[in-house]
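In what follows, a single structure is set out as structure tokens and then discussed.
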Amino acid sequence: MATTADERILTLDVIRGIAVMGILSVNIIGMAMIEQAYFYPPAYGFHSEGDRITWALNSIFVDGRFRALFSILFGASLTLVVTRAIEAGRKGWQVHYARMIVLLLFGCIHYYVLWWGDILMNYALVGMIAFVFWRLKPSLLVLSAIVALGFSYVPPVVFGLPEIHEIKLGMQPGAPPALKAKAAKAFAQITPTASEIASDKHDHDSLTAHVSAATQGDAALDPWESVYGYGIETLGFMLLGIAAFKSGFLTGGWTRRSYAIVAAACMGVDLLIQTYAAYVSLKANFDPFTFMPWTRILLNPLRAVGAFGYAALIMLVFRRRSAVSERFAAVGRAAFTNYLGSTIVGSLLFYGTFGGLYGQLSRGQAWLFVPVIWAVMLLWSKPWLDRYNYGPFEWAWRSLSRWRWEPLRRPLTSVPRPVIAS
């Protein structure tokens, strides 16, 4: 998340701002309709060409990459915050773990009160682990990240693909009864029944109904169990972020030629394969035995590749201070507020207590809110930060972490000075 100081590293803030905006592009679907539709589009709200186009664009350009980028930036911010704490004479571990504990509290509120798609609890818990690695050299950090990502990506290939093939065999005529039952159970998990859809809508009739659903049964444990689920991948991303920060990649320390090579190579590979996967999924009309292997298993290792491609491209485009770069940087400085604010807006739009649009819109229709929320992020963040030191939730996070009332109002003569890469 955002760090605070009189002098900012412009590139970190710009990348963070674009990342949090990109995350909203996919999160809006999880806010607007049943959870299965987030992972398997035909499950709900998928009827028109607009829905297919929206899915394809998100799949090719956004899905997975911006969460990875946000996680990478979290690792970089971890290093920056701890380093500045030590330079100021404080103990780095005390500063870091205080921040993670408060972040965990925010995450609990976010998950149990507002939305099942919270990532803050995962970041807080995994961030406590990532701290152990922060002093390592970039080469060792990259090696550690590769090991973590290997533990995340290899088992699905080794075990997941054969299981999908077995389920496909179970759908065939003449399959053994036990195999048929296994296939039916697996297929039911991605295609909700009418009663499941009705129950899910009931859980979103109000905030009270959501809290009741989120605090019962397996749902109550989901964010904690994420540590040994996708948390292993998150750890890999964070370690890559620490390495990228220390190497100067995220702070403008590389040459333009180096960034151009990384952008061209990473984005070229990522977008080519992502486009092919979207094409075969559309051509197969989202047949799960085509869609699932590609989108849930085979494309996963490209998340970090695409994230670094985007980071390098952003470094090239927004390397210099400009009105546009300052707008995106302001969104990044208030990324915590913009992330939580997006969920609050989603709750106002979709929960029955307020807008009542949950389950009423298709995928494409729900996505139309995204550009509007993007515009709000770009419009409010800079004027606010011209007057105040932090975004509202950044201020609360900092004050609670330090157990003191941090000054919010910026002195009238104070002007933030981003550090510009030469």
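Listed values, structure above:
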item: Ranked list, fewest to most other Cβ atoms within 10 Å of each Cβ, for 380, 397; result: 380, 397
item: Gain on full stretching of the segment that runs from residue 139 to residue 317 - 0.36 nm per residue minus C-alpha separation; result: 61.4 nm
item: Total formal charge among the other residues, if their Cβ is under 12 angstrom from that of residue 70, Lys/Arg +1 and Asp/Glu -1; result: +4
item: Leading residue at positive end of dipole, the chain (Cβ point charges), from 286, 15, 172; result: 15
item: 249, 289, 131 arranged by Cβ crowding within 10 Å, fewest neighbours leading; result: 289, 131, 249
item: Rounded to the nearest 20 debye, dipole of the stretch 7-407 from Cβ charges on Lys, Arg, Asp, Glu; result: 1540
item: Positive dipole terminus of the chain, leading residue within 269, 75, 114 (C-beta point charges); result: 75
item: Global form of the chain, assessed from the alpha-carbon gyration tensor, a/c cut-off 1.5; result: prolate
item: Sites residue 403 and residue 258, calculated FRET efficiency, Cβ-Cβ separation with R0 45 Å, nearest 0.05; result: 0.60
item: For the stretch 199-342: rounded, prolate or oblate by the Cα gyration tensor [a/c cutoff 1.5]; result: oblate
item: DSSP-assigned coil residues among trypsin sites (Lys or Arg not before Pro) in the stretch 24-120, each with at most 13 further Cβ atoms within 10 Å; result: 90, 91
item: Distance (nanometres) between label positions extended 7 Å along Cα→Cβ at residue 206 and residue 159; result: 4.2
item: Cα-Cα P(r), the stretch 354-410, percent of pairs per 10 Å interval; result: 20, 30, 24, 22, 4
item: Charge sum, other residues only, whose C-beta stays under 15 Å from residue 41's C-beta, Lys/Arg counted +1 and Asp/Glu -1; result: -1
item: Shape category assigned to the stretch 52-109 from the gyration tensor of Cα positions, a/c cut at 1.5; result: oblate
item: Residues 154, 142, 126 arranged by fewest to most Cβ contacts within 10 Å; result: 154, 142, 126
item: Environment charge of residue 85, counting only residues whose C-beta is closer than 10 Å and scoring Lys/Arg +1, Asp/Glu -1; result: +3
item: Residues listed by number, the stretch 78-107, amide nitrogen under 16 Å from residue 344 label point at 7 Å toward C-beta; result: 106-107
item: DSSP-assigned coil residues among trypsin sites (Lys or Arg not before Pro) in the stretch 277-357, each with at most 12 further Cβ atoms within 10 Å; result: 320
item: Of the DSSP H helices in the chain, those whose Cα atoms cover at least 24 Å axially and whose Kyte score averages -0.5 or more; result: 10-32, 65-87, 92-109, 138-155, 256-283, 369-387
item: Pairwise FRET efficiency - residue 220 versus residue 198, Cβ, R0 = 22 Å, nearest 0.05; result: 0.50
item: Share of alpha-carbon pairs per 5 Å distance bin for the stretch 80-212, given as whole %; result: 2, 8, 10, 10, 11, 12, 12, 12, 9, 7, 4, 2, 1, 0, 0
item: Reach of residue 283 by Cα under 23 Å, taken over lysines that are not fewer than 8 positions away in the same chain; result: 168
item: Helix-derived mean residue ellipticity, 222 nm - over the chain, DSSP H n ≥ 4, -39500 (n - 2.57), to 500; result: -21500 deg cm²/dmol
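Any read-out appearing in this document is the output of simple, stated calculations on the displayed coordinates, not a laboratory observation. Every value quoted in this text rests on a predicted model; they were computed, and no experiment measured them. Counting neighbours? That spans all protein chains shown, and the Cβs are built from the backbone with ideal geometry, glycine included.
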